[in-house]
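Visitor: Provided herewith is a single structure, encoded as structure tokens, for subsequent inquiry.
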């Protein structure tokens, strides 16, 4: 039936579904507009310990901004095109908060906003900035090496850094980040050079959030409808604040610097040079076998942004003696901030970082 994908006809009629949606809209009010003032986002206390041309290095603490010396150190690397605070979204859905509470010294890269003049920021320059962030973390924490956790595109960047600078990393965690781009699913298909002209897009300047979101919409045109129907179906046990927090973050994206975008799409998505050992950064070849620290790859069972095979390829190509694969339930974002994350994902990450320190 046409409506079968939108509701479970055995448990509710389309009239009851409409009624739930109406109640949800009334109950939520302006919160669902994603106003940052209406949602308690980024609950973990933090300070900025280093700045680099608009990017910042954040350090988190449990209410006391004292020294973290002696604690295992982990640096979180989010995607360049999404705000970092998906990792510290709200109380009860914060990987950062959990890691801090677990006794880790937690830092995170805030990539900042890409301005018009940043259209010339290259992929090499992005990785050089990440290297400076790692050095600043080492200097501030007093540790020679740090754990490195990358999420989404941040995991690709973290992996490349670990291959280029293996002596700076105690452990590497790839959280849903593509490594084998031939296995990158729909996004690989959408960027196929037979119909996707990278040069034409990058020539116009930075790639805007609207442009990038259109690609994700093309992957699942009914996503917005399905999302609201799913919320209505869970109305009795879903917090309005939880939905509003996610909506705020999901609509708070940043542009992708044109020069870096050109390399990312051409060399990784289209040519798959990272797996082939042909990707070069700053004149140096990126050899995944140089990664010898303990390596954890986390995949999400319903991830269409980074299908599991695109991420787990890291374990086949890296040189680590300790390799761990963990699959959790959910999609690319839901697996990280969903209700099961605190029980299934966060403890594994905390234990892995502590063991590799």
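The values are calculated or read from the model by the stated rules, or taken from the named source; none is laboratory data. Quick caveat, the model's predicted, so the values are computed rather than measured. Counting neighbours? That spans all protein chains shown, and the Cβs are built from the backbone with ideal geometry, glycine included.
Visitor: For the stretch 95-184, which strands (runs of 3 or more DSSP E) that fit wholly inside it have 1 or more residues that are in contact with a helix residue (DSSP H, G or I) (Cβ under 9 Å, 6 or more places away or on another chain), under 21 Å from residue 330 (Cβ atoms) and at pLDDT 95 or above?
Guide: Working: elements: 105-110, 146-151, 169-175.
The qualifying strands (runs of 3 or more DSSP E) are 146-151, 169-175.
Visitor: Could you list, ordered by first residue, the pairs with Cβ atoms under 7 Å in which the first is in the stretch 333-354 and free of Cβ contacts under 8 Å to residues at least 24 places away in the same chain and at negative phi and the second is surrounded by fewer than 17 Cβ atoms within 10 Å (Cβ to Cβ) and outside any helix (DSSP H, G or I), at least 6 apart or interchain?
Guide: Listed pairs, sorted by first residue: 340/329.
Visitor: Have a look at 313, 290 and point out the one that is modelled with pLDDT of 95 or more, crowded, with 20+ Cβ neighbours inside 10 Å and out of contact with any strand residue (DSSP E or B) (no Cβ under 7 Å at 6 or more places or on another chain).
Guide: Answer to the check: 313.
Visitor: Hey, another quick one. Which condition from (1) over 23 Å from residue 250 (Cα atoms); (2) at pLDDT 90 or above is the one that residue 76 breaks?
Guide: All conditions pass for residue 76, except number (1).
Visitor: Out of (1) surrounded by fewer than 20 Cβ atoms within 10 Å (Cβ to Cβ); (2) touching a strand residue (DSSP E or B) at 6+ places or on another chain (Cβ under 9 Å); (3) assigned to a helix (DSSP H, G or I), the odd one out for residue 326 is which?
Guide: Looking at each condition in turn, residue 326 falls short on (3).
Visitor: Next question, about the same structure. Mind counting the residues in the stretch 159-171 that are closer than 14 Å to residue 356 by Cβ and touching a residue at least 60 places away in the same chain (Cβ under 8 Å)?
Guide: 5
Visitor: Continuing with this model, one more query. Would you confirm, using the coordinates I've provided, whether residue 202 is buried (at least 19 other Cβ atoms within 10 Å of the Cβ), more than 19 Å from residue 276 (Cα to Cα), touching a residue at least 40 places away in the same chain (Cβ under 8 Å) and over 15 Å from the mean Cα position of the chain (by Cα)? So that I can check it myself, show each step before the final result.
Guide: Details: buried (at least 19 other Cβ atoms within 10 Å of the Cβ): yes; more than 19 Å from residue 276 (Cα to Cα): yes; touching a residue at least 40 places away in the same chain (Cβ under 8 Å): yes; over 15 Å from the mean Cα position of the chain (by Cα): yes.
It is true that residue 202 is buried (at least 19 other Cβ atoms within 10 Å of the Cβ), more than 19 Å from residue 276 (Cα to Cα), touching a residue at least 40 places away in the same chain (Cβ under 8 Å) and over 15 Å from the mean Cα position of the chain (by Cα).
Visitor: Only one of these conditions is not met by residue 321: (1) within 20 Å of residue 82 (Cα to Cα); (2) at pLDDT 95 or above. Which number is it?
Guide: Single failed check for residue 321: (1).
Visitor: Restricting attention to the stretch 273-285, report how many residues are surrounded by fewer than 19 Cβ atoms within 10 Å (Cβ to Cβ) and either in a loop (DSSP other than H, G, I, E, B) or in contact with a strand residue (DSSP E or B) (Cβ under 9 Å, 6 or more places away or on another chain) (or both).
Guide: Looking only at that region, the number is 5.
Visitor: Step by step: first the residues of the stretch 37-66, then only those that are modelled with pLDDT under 85 and surrounded by 12 or more Cβ atoms within 10 Å (Cβ to Cβ), then the one that is nearest to residue 349 (Cα to Cα). Which residue is that?
Guide: The initial filter retains those residues of the stretch 37-66 that are modelled with pLDDT under 85, namely 37-39, 62-66.
Checking which are surrounded by 12 or more Cβ atoms within 10 Å (Cβ to Cβ) leaves us with 38-39, 62, 65.
Details: 38: 30, 39: 27, 62: 18, 65: 23 Å.
It comes out as 62.
Visitor: Related question: Can you tell me which residue is farthest from residue 258 (Cα to Cα) among those in the stretch 125-137 that are without any contact (Cβ under 8 Å) to a residue 60 or more places away in the chain and surrounded by fewer than 19 Cβ atoms within 10 Å (Cβ to Cβ)?
Guide: Step one: filter the stretch 125-137 for residues without any contact (Cβ under 8 Å) to a residue 60 or more places away in the chain, giving 130-131, 134-135.
Now narrow it down to the ones that are surrounded by fewer than 19 Cβ atoms within 10 Å (Cβ to Cβ): 131, 135.
On the way: 131: 21, 135: 26 Å.
Per the criteria, the residue is 135.
Visitor: Please go through the stretch 249-263 and pick out each residue that is out of contact with any helix residue (DSSP H, G or I) (no Cβ under 6 Å at 6 or more places or on another chain) and buried (at least 21 other Cβ atoms within 10 Å of the Cβ). Steps first, please.
Guide: Filtering the stretch 249-263 down to residues out of contact with any helix residue (DSSP H, G or I) (no Cβ under 6 Å at 6 or more places or on another chain) leaves 250-252, 254-256.
Across the stretch 249-263, the qualifying residues are 255, 256.
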